[in-house]
Amino acid sequence: MSDYCTRDGAARLAAQIKEFWRKRGFEVDIETRDEGFVAAMRSARTDVRSDMVNGMPRRPLPQAS
């Protein structure tokens, strides 16, 4: 099981999401953000943020000429 809250795990997850939607013809903007120490987790966390709405991409990939 992967830990998607670490910096490396969040980067892998972001790449997987971006590739998933690229293969289906959509462009998504995804970034990771270090959010610092979280007492409930007893560790630091890294969040994955995107421009998707309700988990769906907002725009198709630009068409090649």
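Just so it is clear, none of the values below were taken in a lab; they were calculated from the coordinates. Values in this document were obtained by computation on a predicted structure and should not be read as measured data. Here Cβ is always computed from backbone atoms with ideal geometry, including for glycine, and neighbour counts include all displayed protein chains.
Could you grab me the full set of residues in region 33-65 that are β-branched (Val, Ile, Thr), closer than 18 Å to CYS5 by Cβ and over 9 Å from the mean Cα position of the chain (by Cα)? Working first, answer last.
Keep residues of region 33-65 that are β-branched (Val, Ile, Thr), which gives 38, 46, 48, 53.
Going one step further and asking which of them are closer than 18 Å to CYS5 by Cβ, we end up with 38, 46, 48.
Result: VAL38, THR46.
Could you go through region 40-49 and let me know if any residue there is among the polar types (S, T, N, Q) and touching a strand residue (DSSP E or B) at 6+ places or on another chain (Cβ under 8 Å).
Yes, there is a match, as at least one residue in region 40-49 is among the polar types (S, T, N, Q) and touching a strand residue (DSSP E or B) at 6+ places or on another chain (Cβ under 8 Å).
For region 38-58, enumerate the residues that are farther than 25 Å from TRP21 by Cα, surrounded by 10 or more Cβ atoms within 10 Å (Cβ to Cβ) and not aliphatic (A, V, I, L, M).
Residues of region 38-58 that are farther than 25 Å from TRP21 by Cα, as a first pass: 38-44.
When the remaining residues are screened for being surrounded by 10 or more Cβ atoms within 10 Å (Cβ to Cβ), the result is 38, 43-44.
If the condition is that a residue be farther than 25 Å from TRP21 by Cα, surrounded by 10 or more Cβ atoms within 10 Å (Cβ to Cβ) and not aliphatic (A, V, I, L, M), then SER43 is the only one that fits.
Can you find even one residue in region 8-30 that is in contact with a helix residue (DSSP H, G or I) (Cβ under 8 Å, 6 or more places away or on another chain), surrounded by 12 or more Cβ atoms within 10 Å (Cβ to Cβ) and of a type outside the set (D, E, K, R)?
yes
Being of a type in the set (Gly, Ala, Ser) and part of a loop (DSSP other than H, G, I, E, B) is the filter; apply it to region 1-32 and report the residue that is nearest to the chain's Cα centre (by Cα).
Pass one, region 1-32, residues of a type in the set (Gly, Ala, Ser): 2, 9-11, 14-15, 25.
From what is left, the residues that are part of a loop (DSSP other than H, G, I, E, B) are 2, 25.
Working: SER2: 14, GLY25: 17 Å.
For region 1-32, the residue satisfying everything is SER2.
Going by the conditions given, is ARG49 in contact (Cβ under 8 Å) with a residue 24 or more places away in the chain, at negative phi and among the basic types (Lys, Arg)?
When the stated conditions are applied, ARG49 does not pass them.
Can you pull out the residues in region 13-32 that are of a type in the set (A, V, I, L, M) and over 20 Å from ASP3 (Cα atoms)?
If the condition is that a residue be of a type in the set (A, V, I, L, M) and over 20 Å from ASP3 (Cα atoms), then VAL28 is the only one that fits.
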